[in-house]
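Report on the following structure.
Values in this text are rule-based calculations from the coordinates and carry no lab data. Small disclaimer: the values here were computed from a predicted structure and weren't measured. Quick reminder, even Gly has a Cβ in these numbers, built from the backbone with ideal geometry, and neighbours come from all protein chains shown.
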Amino acid sequence: MARINQNYDKLAAGYLFPEIARRTNAFLGSNQGAEVLRLGIGDTTEPIVPAVLKGLHNGVDSLGVAETYSGYGPSEGVTPLREALAREYGALGLSLSADEFFVSDGAKSDSANIQSIFSQDCVVAVQDPAYPVYVDSNVIYGRTGDATDSGYDGLVYMPCTEENGFFPPLPDGKVDLIYLCSPNNPTGAVATKDQLKSFVDYALEHKAIIFFDSAYSAFITDPELPRSIYEVEGADKCSIEFNSFSKTAGFTGVRLAWTIVPKACEAEDGSAGKLHSLWTRRQNTFFNGASNVVQAGGLAALSSDGKAQTAQQVSFYLENARIINEGLQSLGITTYGGGNAPYVWMKAPGGLTSWGFFDKLLNECHVVGTPGSGFGPAGEGFFRLSAFGHRENVERAVASIKSKLAI
Ligand code: PGU
């Protein structure tokens, strides 16, 4: 008898972003002719920069010539790209070798798939609120109990609140796998080196592993803030890092990312190198590598022209965040994030719930955002606005909020 994975039935709601799309479409269905301004999902909108586009074109062209044609590549990614990534970290003063980089098609899939190399009974801790993939994928893998009003049983929630500056205190007892995201989705908070050090020290002491999602590291403008967890001494022994070309190079649809599993990284019951070899084995078996065309684009994104041009795009999105922040603050709304992150995290005015504010913003201003409660229980009463829109749309959304939001 083919039985289903019953863990799927534990999931408390549909995946957040399709749910938002569904509600937006329902609104459009009953408001014929209305136009909505979308600051919901964090999806890039600006065209790919010329240097990267050229790399993608070269990748395509090389497939049309027998001498340069390539088929299956290494599932860990092509060597020049892995070397280029290692050089990027080298520029931060970090010595990671190219074979510690695993190129993939997304930080989303990697941050979910990484669990497969850890034992089923690991206790998982997540920042609350967090990118929903961390929680949902752990539910699906069977590492939690049922959903309750305060989250899933068996999962350790680390609340990120206004009071703690949206960085959590250390877990009370012993946990095994810890998800940290900085710059944070959804709060836009960036962890300091000292804050990361507290978690690295905890992980080393308790033989825990940190999954560090740095998908938005390119948005950090403050030179004092760490871009990689490996900037903390000892982090290579206890941390796996994810990053992505999605938000930096506009690759949300193109798909390219990387995961770093240092050889020094050690699980409780395995020697150094074991996690690296397990992830190699996992990827070799389940994944045939990112597209060769796309990897050529990624390599171009790491060229000096590519870096200069993509950096301008990142600044453009940060300016959008500034415009959103300024507009909301002029209405007396409390906002966080935006300075070193592409998300603005705002307090729903008038004590509204997150979904209550979602409906209000959609109905009164025709603006779509993301309810904070969709990222976890501690997100209730908050709301996320994405800065990834076209400038004109961001300006129109802000103008609409300023003139129509009844608060
Ligand atoms: N990690 C974090 C923290 C993210 O916020 C996102 C995208 C990803 C990884 C995905 O990276 P890829 O390399 O593109 O796979 N978050 C967006 C999109 C929603 C989604 O479902 O991925 C967001 O709006 O939160």
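Listing for the model above:
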read-out: Efficiency of FRET between residue 274 and residue 32 - r from beta-carbon atoms, R0 45 angstrom, step 0.05; value: 0.15
read-out: Rg followed by Dmax, in Å, when the range 329-374 is reduced to its Cα trace; value: 10.7, 30
read-out: Nearest-0.05 FRET efficiency for residue 330 and residue 21, computed from C-beta distance (R0 35 Å); value: 0.75
read-out: Amide hydrogen neighbours beyond the local backbone of residue 337, cut-off 5 Å, H modeled; value: 345
read-out: Residue 172-residue 5 pseudo-label distance in nm [points 7 Å out on the Cα-to-Cβ vector]; value: 3.1
read-out: Entries in 10/108; 174/347; 197/263; 193/402 that, when Cα-Cα distance is taken, lie over 30 Å; value: 174/347; 193/402
read-out: Relative contact order (percent, whole number), the range 86-228, Cα cutoff 8 Å, 6+ residue spacing; value: 20
read-out: Length-normalised contact order for the range 52-303 - Cα pairs under 8 Å, 6+ apart - percent; value: 27
read-out: Mean Cβ neighbour count within 10 Å, used as a protection proxy, ranking 337-349, 112-124 highest first; value: 337-349, 112-124
read-out: Candidates 243, 292, 185: whichever shows maximal mean-square fluctuation once the chain is modelled as a Gaussian network with Cα springs under 10 Å; value: 292
read-out: Highest-fluctuation residue, 83, 35, 231 considered, GNM on the chain with Cα pairs under 10 Å; value: 35
read-out: Residue 209 long-range amide H proximity, modeled H, under 5 Å; value: 177, 178
read-out: 20 °C / 1.002 mPa s Stokes-Einstein diffusion coefficient of the range 1-118, Kirkwood radius on C-alpha pairs, µm²/s; value: 109
read-out: Percent of C-alpha pairs per 10 Å bin, the range 199-323, short to long; value: 12, 34, 33, 19, 2
read-out: Intensity falloff of the chain expressed as log10 I(q)/I(0), Debye formula with alpha-carbon point scatterers, at q = 0.06, 0.08, 0.10, 0.11 Å⁻¹; value: -0.24, -0.43, -0.68, -0.83
read-out: Dipole magnitude of the chain, debye to nearest 20 (Cβ charges: Lys/Arg +1, Asp/Glu -1, about Cα centre); value: 780
read-out: Once the Cα gyration tensor of the range 1-44 is diagonalised, semi-axes √(5λ) in Å; value: 31, 14, 8
read-out: Farthest toward positive dipole pole in the range 52-303 [+1 Lys/Arg, -1 Asp/Glu at C-beta], among 291, 209, 267; value: 291
